[in-house]
Amino acid sequence: MTIPIQPRRILRSLTPYIPGKAIAAVSRELGLSGVIKLASNENPLGASPKAMKALRRATADYHLYPESSSPELRLALARFHKVDPDCVLVGNGSDELIRLLCEAFIEPDDEVIVSQYAFLRFKQQAGLMGAKIIEVPMVDWTHDLRTMGMAASLRTKILFVANPNNPTGTYNTEEEVSELLKSVPAATLVVLDEAYYHYAADLPDFPQSVPRLLKRHPNLVVIRTFSKAYGLAGLRVGYAFAEAELVGWLDRIRMPFNVNLPAQRVCVEALKDAAFVKRSVAVVAKGRETLARAIRAMGMEVLDSAGNFLFVHTPVPGRQVYNDLLKRGVIVRPMDEYGLSKSVRISVGTPAQNQRLLAGLRQVLGGGS
Ligand SMILES: Cc1ncc(COP(=O)(O)O)c(C=O)c1O
């Protein structure tokens, strides 16, 4: 049936985001049990047990609407990061914050600058608002912030930087980000997406964006998430730090109850469990090292990663590796969406999951069964 109702013209040219395949879908479709997912950069440890207690307590109040503006969580984040509560916004995942930024600031034909192979949601969301996307090539699989800064003009509304970047895992230093911020017009919003901040924070040259850069640059927005190091991807909570006025515009257009009641409560508790985050980061650092070494020993190129995943160049099409691993109950992420047909992205799992992935890879690429 064809309906006589036309969607916005722009929708026809937009390619939808393809999320990592779910464990349930693979189990159902291939009749497998014990499937493991290393495809969405989730936390292999789960979530903080302390935070999970708050989830159980919250069940008593599920019949109530949550507080619309998530005041307790905003306050907790403000205290934790030593910023004014008016400078904090929480969203339904950082994905919602990316959407809100585009909806609030982009007029049709405004320019938006992204890097080649940057997190795809930037282009997709900005494209939906009718932005003209300027894509700047990477250098050594890393955002070329100098060239991105030079591309910015008075027509540029937003410049997106994922740091570390997904899917490459590469990162930009504080000096590079600082120079970028100095070089763009004051009316260009620089969005620093730090979804993987915790995994990179100890690198000596990684930007300390919240305590240092935010104060100096009112056109900077830093976004982070509870989905990765906090292990709460299923609850969908992201947060942003920016000038109060800027936060106010986003706050005005978000859904009234964008962060649900259990999510608000659990995240307040998750913030208190620093030991859990530390453990999460340590497990990833160790697993990342083990995986990278073993995959390189199989003859493949693996990019150095500051995230909880690895970007791997495969000798055969990435989709083939993905399909062959799927049959063995291991889900990774092919990179065709990015126009990279001979690569896969692999999330770091538990030591047992990593060994299972490696065994699968050896079979798939070595021709074993
Ligand atoms: C760079 C980056 N930004 C944002 C997100 C969105 O995360 P969430 O909406 O779960 O906060 C992701 C998810 O993988 C990501 O990789």
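There is at least one residue in segment 178-192 that is within 12 Å of the ligand (Cβ to nearest atom), open to solvent by less than 30 Å² (accessible area, probe 1.4 Å) and in contact with a strand residue (DSSP E or B) (Cβ under 7 Å, 6 or more places away or on another chain).
Residues checked against (1) closer than 20 Å to Ala195 by Cα; (2) hydroxyl-bearing (Ser, Thr, Tyr); (3) open to solvent by less than 40 Å² (accessible area, probe 1.4 Å):
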{"position": "Leu261", "(1), (2), (3)": "no, no, yes"}
{"position": "Ala282", "(1), (2), (3)": "yes, no, no"}
{"position": "Leu291", "(1), (2), (3)": "no, no, yes"}
{"position": "Thr314", "(1), (2), (3)": "no, yes, yes"}
{"position": "Val321", "(1), (2), (3)": "no, no, yes"}
{"position": "Leu326", "(1), (2), (3)": "no, no, yes"}
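Does Glu67 fit the bill of being away from the ligand (no atom under 16 Å from the Cβ) and buried (at least 20 other Cβ atoms within 10 Å of the Cβ)? So Glu67 fails the test. Quick check: anything in segment 92-101 more than 30 Å from Val139 (Cα to Cα), within 16 Å of the ligand (Cβ to nearest atom) and open to solvent by 50 Å² or more (accessible area, probe 1.4 Å)? Checked segment 92-101: at least one residue is more than 30 Å from Val139 (Cα to Cα), within 16 Å of the ligand (Cβ to nearest atom) and open to solvent by 50 Å² or more (accessible area, probe 1.4 Å).
Of the helices (runs of 4 or more DSSP H) lying entirely inside segment 32-132, those containing at least 1 residues that are at pLDDT 95 or above and under 27 Å from Phe311 (Cα atoms) are 93-105, 121-128.
Going through (1) free of Cβ contacts under 8 Å to residues at least 60 places away in the same chain; (2) under 20 Å from Val284 (Cβ atoms) one by one, Leu203 falls short only on (1).
Of the residues contained in segment 159-169, none is found to be among the aromatic types (Phe, Trp, Tyr), surrounded by 17 or more Cβ atoms within 10 Å (Cβ to Cβ), out of contact with any helix residue (DSSP H, G or I) (no Cβ under 9 Å at 6 or more places or on another chain) and not assigned by TED's automatic domain parsing to the domain that holds Gly307. Taking each residue of segment 302-318 that is modelled with pLDDT of 95 or more and looking for partners that are surrounded by fewer than 19 Cβ atoms within 10 Å (Cβ to Cβ) and of a type in the set (Phe, Trp, Tyr) with beta-carbon atoms closer than 7 Å, six or more apart or interchain, yields Leu303/Trp141. The lone criterion from (1) small (Gly, Ala, Ser); (2) open to solvent by 40 Å² or more (accessible area, probe 1.4 Å); (3) within 16 Å of the ligand (Cβ to nearest atom) left unmet by Ala39 is number (2).
Just one residue in the set Ala233, Ala242, Ala201, Ala195 is under 17 Å from Val90 (Cα atoms), modelled with pLDDT of 95 or more, under 21 Å from the mean Cα position of the chain (by Cα) and surrounded by fewer than 21 Cβ atoms within 10 Å (Cβ to Cβ); that residue is Ala233. Only one entry in Lys342, Lys272, Lys278 is free of Cβ contacts under 8 Å to residues at least 60 places away in the same chain, open to solvent by 20 Å² or more (accessible area, probe 1.4 Å), closer than 26 Å to Arg224 by Cβ and of a type in the set (D, E, K, R), namely Lys278. Specify which of the listed residues (Ser33, Ser68, Ser27) is out of contact with any helix residue (DSSP H, G or I) (no Cβ under 6 Å at 6 or more places or on another chain), assigned by TED's automatic domain parsing to the domain that holds Val247 and small (Gly, Ala, Ser). After ruling out the rest, the residue left standing is Ser68.
Taking first residues from segment 146-170 that are farther than 23 Å from Leu100 by Cβ and partners that are near the ligand (Cβ under 10 Å from one of its atoms) and of a type in the set (A, V, I, L, M, F, W, C), the Cβ contacts under 7 Å between residues at least 6 apart in sequence or on separate chains come to Gly169/Phe309.
Quick check on Val136: is it farther than 19 Å from Ala242 by Cβ and open to solvent by less than 10 Å² (accessible area, probe 1.4 Å)? The answer is yes for Val136. If the condition is being open to solvent by 100 Å² or more (accessible area, probe 1.4 Å) and over 16 Å from Leu235 (Cα atoms), then segment 49-64 contributes only His63. Give me the residue from segment 245-259 that is β-branched (Val, Ile, Thr) and either away from the ligand (no atom under 14 Å from the Cβ) or modelled with pLDDT under 95 (or both) and, out of that set, nearest to Tyr196 (Cα to Cα). Residue satisfying both the conditions and the ranking: Val247. Scan segment 194-234 for residues that are within 11 Å of the ligand (Cβ to nearest atom), in contact with a helix residue (DSSP H, G or I) (Cβ under 7 Å, 6 or more places away or on another chain) and not basic (Lys, Arg) and the total you get is 8. Looking only at segment 345-369, residues that are assigned to a loop (DSSP other than H, G, I, E, B) and surrounded by 24 or more Cβ atoms within 10 Å (Cβ to Cβ) come to 2 in all.
The values are calculated or read from the model by the stated rules, or taken from the named source; none is laboratory data. What you see is a predicted model, and the numbers here were worked out from it, not measured in a lab. Positions of Cβ are generated from backbone atoms using ideal geometry, with glycine treated the same way; all protein chains shown enter the neighbour counts. When the accessible area is computed, the model is the full protein with side chains, heavy atoms only, and any ligands, DNA or RNA have been set aside. Shrake-Rupley method; radii C 1.70, N 1.55, O 1.52, S 1.80 Å.
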